[in-house]
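The values are calculated or read from the model by the stated rules, or taken from the named source; none is laboratory data. In this text, all values refer to a predicted model and were calculated from it rather than measured experimentally. Cβ: placed from backbone, ideal geometry, glycine included. Neighbour counts: every protein chain shown. What goes into the accessible areas is simple: the full protein's heavy atoms, side chains included, and nothing from ligands, DNA or RNA. Shrake-Rupley method; radii C 1.70, N 1.55, O 1.52, S 1.80 Å.
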Amino acid sequence: MHIEVTDEIALTEFRPSDKAACVERIGDRAIYEHTLRIPHPYTPEHFDQWLDIVAEATRQHGEPIHFVIRERGELIGSVGFEDLAVGHKAEIGYWLAKAWWGRGIMTAVVASACRYAFARWQLMRITAHVFESNLASARVLEKNSFACEGLLRKYYRKDGQFLNSRLYALVW
């Protein structure tokens, strides 16, 4: 699997050899603070568990639905889909290593991933949940024509706190 985003950026499948780079890059506290399901500290065992989840999702759908973001072959983040209902909808999620923030990479990745998902799985709707405080992620979605459908107050619980989430959607 190889989805070209730019001349230097591509989406590929996860590999066991990605472990060291993934653990190092996803372990940044800033990644944890902007995501719901990524633990901190992130350990090699977490990566192994993630590979099992990815393998099961791939088996269920007959193809990958979670991808590594690579710059010239190097892992710099991830994008994937949850709750995939072919012919209907899915939820997109993503993270990017902090050293690559602010370069427009995630905007391009989300555009490519959504084009792929709409075409491949005949989706009508892609959603994304964004913590209210994550303005950069909200901007990525807005640049990709996602519309904010509302504020979900106290929707998530993380570290003993209730967090608001904005629900974004891109409808075909």
Per the list (1) open to solvent by 20 Å² or more (accessible area, probe 1.4 Å); (2) assigned to a strand (DSSP E or B); (3) hydrophobic (A, V, I, L, M, F, W, C), residue check on I69 breaks on (1)
In segment 38-48, the residues that are without any contact (Cβ under 8 Å) to a residue 24 or more places away in the chain and within 23 Å of H129 (Cα to Cα): P39, H40, P41, Y42, H46
Go through (1) touching a residue at least 40 places away in the same chain (Cβ under 8 Å); (2) closer than 17 Å to N144 by Cα; (3) open to solvent by less than 20 Å² (accessible area, probe 1.4 Å) for V110 and report which single condition fails. (1)
Identify, please: which residue in segment 39-66 is in contact with a strand residue (DSSP E or B) (Cβ under 7 Å, 6 or more places away or on another chain) and not in a helix (DSSP H, G or I) and is, among those, nearest to W100 (Cα to Cα)? H66
Test each condition in (1) open to solvent by 80 Å² or more (accessible area, probe 1.4 Å); (2) more than 17 Å from the chain's Cα centre (by Cα); (3) closer than 18 Å to G80 by Cα for R115 and report the one that comes out false. (2)
Working only within segment 3-26, note down all residues that are open to solvent by 20 Å² or more (accessible area, probe 1.4 Å) and not aliphatic (A, V, I, L, M). E4, T6, D7, E8, E13, F14, R15, P16, S17, K19, E24, R25
Whether any residue in segment 87-103 is in contact with a strand residue (DSSP E or B) (Cβ under 6 Å, 6 or more places away or on another chain) and in a helix (DSSP H, G or I) is what I want to check. yes
Under 9 Å between Cβ atoms, at least 6 apart or on separate chains: pull out the pairs that start in segment 80-107 with a residue that is farther than 17 Å from A10 by Cβ and end on any residue that is open to solvent by 80 Å² or more (accessible area, probe 1.4 Å) and part of a loop (DSSP other than H, G, I, E, B). V86/Q122; G87/Q122; G87/M124; H88/Q122; H88/M124; K89/M124; G93/R37
Is it true that some residue in segment 118-125 is open to solvent by 20 Å² or more (accessible area, probe 1.4 Å), at pLDDT 95 or above, touching a strand residue (DSSP E or B) at 6+ places or on another chain (Cβ under 6 Å) and not in a loop (DSSP other than H, G, I, E, B)? yes
Selection from segment 14-35 of residues that are modelled with pLDDT under 95, under 14 Å from the mean Cα position of the chain (by Cα) and not in a helix (DSSP H, G or I): T35
Restrict the check to segment 131-149 and report whether at least one residue is assigned to a strand (DSSP E or B) and within 17 Å of the chain's Cα centre (by Cα). yes
With the checklist (1) surrounded by fewer than 16 Cβ atoms within 10 Å (Cβ to Cβ); (2) within 15 Å of the chain's Cα centre (by Cα); (3) in a helix (DSSP H, G or I) in hand, flag the one item D83 doesn't pass. (3)
Quick one: how many residues across segment 52-66 are surrounded by fewer than 17 Cβ atoms within 10 Å (Cβ to Cβ) and hydrophobic (A, V, I, L, M, F, W, C)? 2
Restrict the check to segment 88-104 and report whether at least one residue is open to solvent by 40 Å² or more (accessible area, probe 1.4 Å), farther than 30 Å from F162 by Cα and among the charged types (D, E, K, R). yes
